[in-house]
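Enquirer: Once you've had a glance at the structure underneath, I'll fire off some questions.
The values are calculated or read from the model by the stated rules, or taken from the named source; none is laboratory data. Treat the numbers as computed from the prediction; the structure is a model and nothing was measured. Cβ coordinates were reconstructed from backbone atoms using ideal geometry, including for glycine residues, and neighbour counts include every protein chain displayed.
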Amino acid sequence: MKSCFVLLLVAGILLFGCLGGTSQAEEQIDASKEAVDGGQDDLSQPTALPSADVLMLGRSVTEGWADFMGLRFNDELGGFAGSYQGRVFWAIHLETPPELPNSVDEILERNSGRAKTVVFKLCFEDFNPSEDNAQMNEEFVQRAYAATSRHGQKLVVINALPQVAAFNEEGIRANHLTYNAWLQDFASSHQGVCIVDVYSILADADGSLKEEYAAGEEDSHWNRAAYQAVTPLLLQAIAKCA
């Protein structure tokens, strides 16, 4: 009888120990799972978008510039963002004329205080042979300057973008030269404005986009060689205006 009692006691102790160990192990597993889940939640949180040193405004050529710099599309910004040569760059798409100046106002208002310098560039398609074209483009620059001045920002303006020979006309070339000369006068008489003279690098003697810088014979977008040629000028202008 006594032997049976001892056996039952030992079995109970072993059974209790096994049950207790299982419970402790389950608690450890649950705790580990919570820690992993917590880490995943932290990783899934959106990273705060840092303010920009430079906000670039333009269309397809500007987006190509963003790609050249290695910027990536950011949902929060609605544009491209990243670091290049020690500066934080943003690139946001502008509307086409006549909505272009309103687009500048809206973007700068939405991102007020989040960018130190604004780079403004018209597209090659914004130039045509009409007599009032240069004046219209000058007014776009004036609107951009007024907007950046309200927000305490510096303004860097890219001058005229030449088109490939297939689409270049004497009237377009004349408006390019008129616009570029006006830009220089505007920058010299307005504080906080710098000009990037891409035209002198990219245009040939006839005012057409040089073949070595064109995306194609009938495509005035820039290729990688063009971006490599003009980006140092952009960085110099940004440093000058800073």
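Enquirer: Of all residues in the range 50-81 being of a type in the set (D, E, K, R) and buried (at least 17 other Cβ atoms within 10 Å of the Cβ), which is nearest to V104 (Cα to Cα)?
Expert: We begin by selecting, within the range 50-81, every residue of a type in the set (D, E, K, R); these are 53, 59, 63, 67, 72, 75-76.
Filter once more, keeping what is buried (at least 17 other Cβ atoms within 10 Å of the Cβ): 53, 59, 63.
Values: D53: 17, R59: 12, E63: 16 Å.
Among those residues, the one meeting the criterion is R59.
Enquirer: Still on this structure: Could you say which residue among E63, E125, E76 is among the acidic types (D, E), within 23 Å of Y213 (Cα to Cα) and under 14 Å from the mean Cα position of the chain (by Cα)?
Expert: Working: E125 fails: under 14 Å from the mean Cα position of the chain (by Cα); E76 fails: within 23 Å of Y213 (Cα to Cα).
Being among the acidic types (D, E), within 23 Å of Y213 (Cα to Cα) and under 14 Å from the mean Cα position of the chain (by Cα) holds for just one of E63, E125, E76, which is E63.
Enquirer: Still on this structure, please answer the following. Let me spell it out: the conditions are (1) under 22 Å from Q236 (Cβ atoms); (2) surrounded by 17 or more Cβ atoms within 10 Å (Cβ to Cβ), and I172 meets all of them except one. Which number is the exception?
Expert: Of everything listed in (1) under 22 Å from Q236 (Cβ atoms); (2) surrounded by 17 or more Cβ atoms within 10 Å (Cβ to Cβ), I172 misses just condition (1).
Enquirer: Quick check: anything in the range 203-213 free of Cβ contacts under 8 Å to residues at least 40 places away in the same chain, in the same structural domain as I107 (by TED's automatic domain parsing) and within 17 Å of K121 (Cα to Cα)?
Expert: no
Enquirer: Which count do you get for residues in the range 118-144 that are among the basic types (K, R) and surrounded by fewer than 21 Cβ atoms within 10 Å (Cβ to Cβ)? Full working, then the answer.
Expert: At the first step, the residues of the range 118-144 found to be among the basic types (K, R) are 121, 143.
Subsequent filtering for residues that are surrounded by fewer than 21 Cβ atoms within 10 Å (Cβ to Cβ) retains 143.
Count: 1.
Enquirer: For the range 192-242, list the strands (runs of 3 or more DSSP E) that sit wholly inside it and hold at least 2 residues that are of a type in the set (F, W, Y), modelled with pLDDT of 95 or more and buried (at least 17 other Cβ atoms within 10 Å of the Cβ); which are they? Let's see the steps before the verdict.
Expert: Values: elements: 193-196, 214-216, 219-222.
In the range 192-242, no matching strands (runs of 3 or more DSSP E) lie anywhere.
Enquirer: Grab the strands (runs of 3 or more DSSP E) fully contained in the range 47-134, keeping just those with 1 or more residues being without any contact (Cβ under 8 Å) to a residue 60 or more places away in the chain. Don't jump to the end; show me each part of the working.
Expert: On the way: elements: 52-58, 72-74, 79-84, 87-93, 115-121.
Result: 72-74, 79-84, 87-93.
Enquirer: Tell me which residues, restricted to the range 114-167, are of a type in the set (G, A, S) and touching a helix residue (DSSP H, G or I) at 6+ places or on another chain (Cβ under 6 Å).
Expert: Of the range 114-167, the ones of a type in the set (G, A, S) are 115, 130, 134, 144, 146-147, 149, 152, 160, 165-166.
A134, A144, A147, A160 - these are the residues of the range 114-167 that are of a type in the set (G, A, S) and touching a helix residue (DSSP H, G or I) at 6+ places or on another chain (Cβ under 6 Å).
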